[in-house]
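Q: Sharing a structure here in structure tokens format.
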Amino acid sequence: MAERGREERFWHWPGRSLALEGLEAPPQGHLEPQPQLSIDWEGSQNLYCEGDNLEILKLLVPHFRERIQLIYIDPPYNTGHAFVYNDRSGGGHSAWMGFIYPRLALGWQLLAPGGSLAISIDDRELPYLRLMAEELWGEESLVACFPRLTKKAGKSSAAIARNHDYLLLYAKKPATFYLPPHSDPGFKYRDEYFSERGYYKLNQPLDYNSLQYSPSLDYPLEVEGETLYPGASYAKYLERQAGNYARADWAWRWSKELFNFAYAQGFVVLKRYANRVRLYTKTYQKVKLEKVGGQWQVVPYERTKRLSTLEFLANPYSNDQAKKDLARLMEPALFDYAKPLALMERLCQLTTGPQDWVLDFFAGSAATAQAVWELNARQGARRHFIMVQLPEACAPNSRAYQVGLADICAIGRQRLRLARERLQRENPQPGDYGFQVWRWAEGPAPA
Ligand SMILES: C[S@@+](CC[C@H](N)C(=O)[O-])C[C@H]1O[C@@H](n2cnc3c(N)ncnc32)[C@H](O)[C@@H]1O
């Protein structure tokens, strides 16, 4: 019976049981310290782990269970291209699923309550990834599926240029997000409530030609010795009252009850023009009107800028920018598949506080680690990172190999060394710009 329940909930794919076995198998190795490859071994809390991420995630779980606030991963897309690293996990979708499934499961174990897990992926594996992720973590864990601009120009040979991929954002409920304050230049007026309510802006007039006329919103108002009607015509008001109104006709935007309260609280402005007077309402930066227990009240309110699902369609998030990021430190040809710093910085900003841990277990050029440092430097914050990367050999004909970077870990460590130098030059305030390198080795840890 239990098995049947499982079958109904789980979507079966070839290799699923093998993936589960891989997940449950105990780790086969341990991590060895590499102080000679590290920077500030004694002082740094950042970790750079070299080895297969399945093994390393298992080794991290006992130390970091539910402690990581943001996991960002950019796994091989299974495109079949000849990458510096091997982007083909054998064959077809199920092989890729078998590869990623146990790693997703372990990643979630490391994620703090309220933490976020973001994944870059293209449209080929997107549906498979979503099914796996939602099976593992529940449908409600999906926060958003953002399209991201990869490059503006496309291949001219194909009929359709592929110019975007996706960023899937999952979160362990209740999700914690940090939204920047809303900076609307419309908030520019001050009144006697400034210290409590901040700046205000004036909204549309209180009366409007509503799309759906409602008699309850059509009533006379006595303000500053004036009697006001929606649409400023007493004659037309009388006609509407007699039942001669259109589907769309003049009314107030607020109920009489709300108006009375808001007027007494200073939320309404009367403006006198040559031939008419008109009412406007105020919106304040730091408070809003809200009905609490049946009573209107002025309540504190933080206006924040929400992230749009279109956020990552801008150039700073494209791979062209990733190349420029790399070019500020090293030859961009050294690593072809880096993500732009802005992407991971924006994610860190959205999902982490100033002391939180960030993990990337498909680290590549360690762009995520640099993004953490850049954001820390800008904010004077102390987020820490864990990078995990397989020491995949660079092909002998690759630029990286030619300049003496034998594997991808060497590329990542080099990037971090150069990023640290530049950050310290441009931003000489203290911070943890070091990292400890640990390397996976087979067998139990020496006693
Ligand atoms: C698309 S790249 C990530 C690029 C990275 N986001 C950046 O901006 O530089 C994927 C990386 O995952 C690494 N990788 C693949 N399989 C891995 C494994 N089993 N364990 C650790 N890393 C792995 C590859 O070597 C490659 O560097």
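Q: For the range 421-431, what does the Karplus curve 6.51 cos²θ - 1.76 cosθ + 1.60, with θ = phi - 60°, yield as ³J(HN,Hα) per residue in whole Hz, taken in order and with x for Gly and Pro?
A: Karplus values, whole Hz, x for Gly and Pro: 4, 5, 4, 5, 5, 8, 8, x, 8, x, x.
Q: Something else: Read phi for every residue in the range 160-169 and hand back ³J(HN,Hα) as whole Hz from Karplus 6.51 cos²θ - 1.76 cosθ + 1.60, θ = phi - 60°, with x for Gly and Pro.
A: With the stated coefficients, the range 160-169 comes to 10, 7, 8, 10, 8, 10, 10, 10, 8, 10 Hz.
Q: While we're on this one: Amide H to amide H under 5 Å from Arg439: which residues, 5+ apart in sequence or cross-chain, H placed 1.01 Å off N in plane?
A: Glu32, Gln34, Glu50
Q: For Cys49, Cys394, Cys348, which order do you get if you count the other beta carbons within 10 Å of each Cβ and list the fewest first?
A: By the 10 Å Cβ count, ascending: Cys394, Cys49, Cys348.
Q: Here is a follow-up. My understanding is that a pair violates if its Cα-Cα distance is over 23 Å; which of Lys173/Lys339; Lys151/Lys324; Lys188/Lys288; Lys172/Lys288; Lys271/Lys291; Lys152/Lys172 do that in this structure?
A: Cα-Cα > 23 Å for Lys173/Lys339; Lys172/Lys288; Lys271/Lys291; Lys152/Lys172; rest within.
Q: Here's something else I'd like to know. If you plug each phi of the range 143-152 into the Karplus form 6.51 cos²θ - 1.76 cosθ + 1.60 with θ = phi - 60°, what whole-Hz ³J(HN,Hα) values come out, in order, with x for Gly and Pro?
A: In residue order, the calculated couplings are 8, 6, 10, 8, x, 10, 5, 8, 7, 6 Hz.
Q: Now for a separate question. Most mobile of Lys151, Lys256, Lys324 per a Gaussian network model of the chain (Cα springs, under 10 Å)?
A: The residue with the greatest mean-square fluctuation here is Lys256.
Q: Still on this structure, I have one more. Below 8 Å, C-alpha to C-alpha, sequence gap of six or more: please give me the relative contact order for the chain in percent.
A: 25
Q: If you don't mind, there's one more thing I want to ask. In whole angstrom, how far apart do the alpha carbon centroids of the range 28-42 and the range 253-298 sit?
A: About 63 Å separates the Cα centre of the range 28-42 from the one of the range 253-298.
Q: Would you look at the GNM of the chain, springs on alpha carbons closer than 10 Å, and say which of Ala105, Ala333, Ala262 moves the most?
A: Residue with maximal mean-square fluctuation among Ala105, Ala333, Ala262: Ala262.
Q: Long-range amide H contacts for Ala144: which residues qualify at under 5 Å (H placed 1.01 Å from N, peptide plane, sequence gap of 5 or more or a different chain)?
A: Under 5 Å from the amide H of Ala144 lie the amide H atoms of Leu169, each far enough along the sequence or on another chain.
Q: Out of residues 5 or more away from Asp407 or on other chains, whose amide H comes under 5 Å of its own, with H placed 1.01 Å from N in the peptide plane?
A: Cys394
Q: Using DSSP to call loops (not H, G, I, E or B), can you name the chymotrypsin sites (Phe, Trp or Tyr not before Pro) in the range 193-285 whose Cβ has at most 12 other Cβ atoms within 10 angstrom?
A: Qualifying residues, ordered by number: Tyr273.
Q: Normalised by the number of residues in the range 194-300, what is the relative contact order in percent for Cα pairs under 8 Å and 6+ residues apart?
A: Over the range 194-300, the number comes to 36 percent.
Just so you know, all these numbers are worked out from the coordinates, no wet-lab data involved. Bear in mind that the values here come from a model prediction, so they are computed numbers and not experimental data. Ideal geometry is used to build each Cβ from the backbone, glycine not excepted, and the neighbour counts take in all protein chains shown.
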